[in-house]
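Before any comments, here is the structure.
Computed from the coordinates by the stated procedures, all read-outs in this text should not be read as laboratory data. Worth saying up front: this structure is predicted, and the values here are computed from it rather than measured. All Cβ positions, glycine included, derive from the backbone under ideal geometry; neighbour counts span all protein chains shown.
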Amino acid sequence: MSSQIAHAKKNLFENGFLDMEVDPTMDLVEAIQALKKEKNMVILAHYYQESEVQDVADYIGDSLQLSQKAAKTDADIIVFAGVHFMAETAKMLNPNKKVILPDLKAGCSLADSCPPSLFSKFKEKYPDHVVISYINCTAELKTLTDICCTSSNAEVIVNSVPEEKGIIFAPDKNLGAYLIKKTGRDMVLWNGACMVHEIFSAEKITKLKVRHPNALFIAHPECEEHILKMADFIGSTSQLLNFTKSSEATSFIVGTEAGIIHQMELASPDKEFIAAPPDSNCACNECPYMKLNTMEKLYLCMKYELPEIILEDWIIEQGRKSIDRMLEISAKAGFKA
Ligand code: 13P
Ligand code: SF4
């Protein structure tokens, strides 16, 4: 066994996770709960995680709520059941704590669409502009950012910038275009997008609406403009979830990553939730990065406290300011985890 551990640790950075066998008869839920207690760990999970991963989490939330929780936790170790930029954010907020992620390759197409070296050159063209970056970006990009935002607080963050100031918004052009419409601010947009939210088919959604005439179509603002135009309600994952709870409607076509449907069904068992269909016949409305985290990887990561998020000090110092600024503005505006 010890040679298997040594081998797995050696190959960790190539594989992204500890590639070791887990006893298939083991009760993983029980084992994870026991590790949590023994090591004073907290599991923070995003709504896009597999249902079984959500079910063992201490806290499930959207990007803003998870960063608010990470900022306040008194656990010794933060286990991030989400993607890399989320775990990096938790590390920046807790430089002295261990932050672990079940699979280091759980990245994000949006974060990848904005390499810091290119963005730095782009930014030079607008020296007087304030940079707002969607939190779905790398830690290094956060060092080039004045204020971060998430899809929950983006409108409030944009409106917090004095009117006379120009704004660069990165990296999501769809969320950026949506915010220009909502706020009337003329922002310069970076040309990035989320691969999951760009695959919805307007034609198939229209057909679904015909088959389910009472269903409301709800969508995340990372979707393209022609999809958002069809939506009865637009919001972040937590806002979509809250909408389905409070709405009198009993049927919803859900235009975001399909993982959120688990919490919608738990909260409203008598309502119907239909995942909005992608263009092709693939399961591309599931984020391939989010879904890299499995129960086995979660267990191994907690047992061996690997893979760990390590960031250089200068990145933490410079990048953190943009997150702190976001949390300050969000707290003033009444956003609670
Ligand atoms: P929110 O968590 O802000 O709804 O964003 C969704 C998302 O794409 C996270 O990667
Ligand atoms: Fe990134 Fe899109 Fe996956 Fe969210 S759903 S982690 S934005 S690729």
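Structural remarks
- Among 162-173, 273-284, 140-151, 292-303, the peptide with the highest mean count of other Cβ atoms within 10 Å heads the list, and the full ranking is 140-151, 292-303, 162-173, 273-284.
- Karplus (6.51, -1.76, 1.60) ³J(HN,Hα), θ = phi - 60°, over segment 42-58, in Hz, Gly and Pro reported as x: 10, 9, 9, 10, 7, 4, 8, 6, 3, 3, 5, 6, 4, 5, 9, 6, 7
- Think of it as helices only: each DSSP H run of n ≥ 4 in the chain is worth -39500 (n - 2.57), and spread over all residues that comes to -12000 deg cm²/dmol at 222 nm.
- Set of aspartates and glutamates near Lys291 by C-alpha distance (under 14 Å), chain-local residues within fewer than 8 positions excluded: Glu50, Glu52, Asp103, Glu257
- Cα-derived Rg over Rh, computed across segment 81-131 with Rh taken as Kirkwood radius: 1.10
- Between segment 269-337 and segment 160-226, the alpha-carbon center distance in angstrom: 19
- Placing one equal scatterer on every Cα of segment 189-312 and applying the Debye formula, the log10 ratio I(q)/I(0) at q = 0.09 Å⁻¹ is -0.31.
- Distance in nm between pseudo-label sites at Ala249 and Asn191 (7 Å out along the Cβ direction from Cα): 3.4
- Cα-centred dipole magnitude for the chain, charges only on beta-carbon of K, R (+1) and D, E (-1), debye, nearest 20: 600
- Among Tyr126, Val83, Cys114 - extreme Cα towards positive end, dipole of segment 79-145, charges at beta-carbon: Val83
- Proximal lysine pairs, segment 1-86, alpha carbons under 22 Å, eight or more residues apart or interchain: 8
- Isotropically averaged projected area of segment 119-254, using the convex hull of Cα atoms (one quarter of hull area), nm²: 8.8
- Partner aspartates and glutamates whose Cα lies under 16 Å from the Cα of Lys182, excluding those fewer than 8 positions away in the same chain, are identified as Glu155, Glu163, Asp172, Glu222, Glu224, Glu225, Asp232.
- Taking a ≥ b ≥ c as the square roots of the eigenvalues of the Cα gyration tensor, the chain is oblate, since a/c reaches 1.5 or more and a/b is not larger than b/c.
- Global form of segment 204-268, assessed from the alpha-carbon gyration tensor, a/c cut-off 1.5: oblate
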